[in-house]
Amino acid sequence: MHKLIVYVDDAAHAMGVLQPLMVGLPGPRQWILVGCAPRVTHHVSKWVTHSARENWRSKWADKLFAQLVPTLQEAGDEVLTLTGKHNLQAQTELLQKEHGQARVIDARRPKLGPSGLPLLVQPAPGPSLLNSWMTVACAGLVFAD
């Protein structure tokens, strides 16, 4: 049985990530869906009790799982649902202790960059320090007059 730990925060985006896995992994699968609720801002958290926040998180996760679970169960797969309460590394370690080794998939929607636009360009791997020194050196040549 293929065990998959999947972190989700948006059903439409998650299904785009999970569809290839549903087709590509033959045999029975066990999906462990972990709902990663949006963070509550500091301003709001001052006025809302801990139990109210947990209640909201639970309702949010139920709506998310209602969109995902039926599709995953159509193929006869087993689905477990959880609401994330720890950071991802601690949550993953806990789940792997409980369920054994499993493949971890981050199917969360990408976050926005500092300018408010999606991160479309990733920094190129390689000697970035050398590139930055070359840029500084070239700038020094231009302004050296």
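The values are calculated or read from the model by the stated rules, or taken from the named source; none is laboratory data. Bear in mind that the values here come from a model prediction, so they are computed numbers and not experimental data. Every residue, glycine among them, receives a Cβ derived from its backbone with ideal geometry; neighbour counts consider all protein chains shown.
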**OP:** Would you check if LEU119 is modelled with pLDDT of 55 or more and surrounded by 10 or more Cβ atoms within 10 Å (Cβ to Cβ)?
**Re:** no
**OP:** Give the number of residues within segment 57-74 that are within 15 Å of GLY84 (Cα to Cα) and in contact (Cβ under 8 Å) with a residue 12 or more places away in the chain.
**Re:** 6
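One line per residue, one yes/no per condition, for (1) in a helix (DSSP H, G or I); (2) modelled with pLDDT of 85 or more; (3) surrounded by 11 or more Cβ atoms within 10 Å (Cβ to Cβ); (4) among the hydroxyl-bearing types (Ser, Thr, Tyr):
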{"position": "GLU93", "(1), (2), (3), (4)": "yes, yes, yes, no"}
{"position": "LYS97", "(1), (2), (3), (4)": "yes, yes, no, no"}
{"position": "ILE105", "(1), (2), (3), (4)": "no, yes, yes, no"}
{"position": "GLY126", "(1), (2), (3), (4)": "no, no, no, no"}
{"position": "ALA137", "(1), (2), (3), (4)": "yes, no, no, no"}
**OP:** Scan segment 50-87 residue by residue and report those that are touching a helix residue (DSSP H, G or I) at 6+ places or on another chain (Cβ under 9 Å) and among the β-branched types (Val, Ile, Thr).
**Re:** THR71, VAL79, THR81, THR83
Subject >> Search result, residues across segment 30-58 that are of a type outside the set (S, T, N, Q), under 23 Å from LYS111 (Cβ atoms) and part of a helix (DSSP H, G or I) >> reply: HIS42, HIS43, VAL44, ARG53, TRP56, ARG57
